[in-house]
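Derivation of every value follows stated rules applied to the coordinates shown; laboratory data play no part. Values in this document were obtained by computation on a predicted structure and should not be read as measured data. Cβ atoms come from the backbone with ideal geometry, glycine included; neighbour counts cover every protein chain shown.
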């Protein structure tokens, strides 16, 4: 089964409500988004209730909108065709932006504002941003310094937070914290475009770990 869809300049995937009804998706209010960078696939699972990391479906007149701008960036698609199709494959609804429905490495792309999920993001200036949930595990008003290392085998960054001076400084701004990270990325051979922009992380005591696979 296929559903006509379009993507506007703001990064919203738009589907007519009547088409969602035909596909028996009209009762859903949330969607989880997954992305496969290699095959250029974005895959969706729809839910009636909020799930961990899910995005809210936005009702706008005769249409329903899904914010996919970040997911597009994560698979290095800057300007997709405005007209496309959502294609049903098993339990998934798929945007095949690379011309194939095959995917072997789907990665969950969680909503940044999702509650109780520690996440980091990296902006265009190379600033590493810790979301509110990270600060619930690590009090960055106390732990104001960081030493960063990289595990090349596991492709993971390990950040150790300290009360005293470390190599990097942490700045707490309201509900999030920022670390200047461009030099660290460059020192390990990463370009900004090669890093996923929003990443789930693991936190244990004063250690934060995130993957860049």
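Mind checking the full-extension length gain between residue 212 and residue 171? Use 0.36 nm per residue of separation minus the Cα-Cα distance, one decimal, nm. Intermediate values should be presented prior to the final figure.
Numbers: separation 41, 0.36 × 41 = 14.76 nm, distance 2.27 nm.
This chain segment gains 12.5 nm when fully extended.
Can you give the helix-only mean residue ellipticity at 222 nm for the chain, where every DSSP H stretch with n ≥ 4 adds -39500 (n - 2.57) and the sum goes over all residues, rounded to the nearest 500 deg cm²/dmol? List each step's numbers first, then the result.
Details: 4 runs with 24 residues, N = 213.
It comes out at -2500 deg cm²/dmol, rounded to the nearest 500.
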*Theoretical gain in end-to-end length, residue 204 to residue 123 [0.36 nm per residue, Cα-Cα removed]*: 26.7 nm
*According to a simple spin-label model (label point 7 Å from Cα along Cα-to-Cβ), what is the distance in nm between residue 163 and residue 149?*
2.3 nm
*asked:* I need the per residue convex hull volume for the chain, using only the alpha carbons, in cubic angstrom as a whole number.
replied: 130 Å³
_Separation between Cα centres of the stretch 77-110 and the stretch 129-190, rounded to whole Å_ = 32 Å
*For residue 105 and residue 180, what is the calculated FRET efficiency with R₀ set at 30 Å and r taken between the beta-carbons, to the nearest 0.05?*
0.50
*In vacuo Debye scattering of the stretch 2-108, one point per C-alpha: log10 I(q)/I(0) at q = 0.10, 0.19, 0.20 Å⁻¹?*
-0.24, -0.94, -1.06
*Stick to the Cα atoms of the stretch 119-211, pair each with every other, and give me the Kirkwood hydrodynamic radius in Å at one decimal.*
13.1 Å
*Based on the Kirkwood radius over alpha-carbon pairs, what is the Stokes-Einstein translational diffusion coefficient of the stretch 61-178 at 20 °C with 1.002 mPa s viscosity, in µm²/s?*
123 µm²/s
*So what is the relative contact order for the chain, in percent, with contacts set as C-alpha pairs under 8 Å and at least six apart?*
19 percent
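How long is the gain from residue 47 to residue 26 if the chain were fully straight, where each residue apart is worth 0.36 nm and the alpha carbon distance is subtracted?
On the way: separation 21, 0.36 × 21 = 7.56 nm, distance 1.02 nm.
Length gained between residue 47 and residue 26: 6.5 nm.
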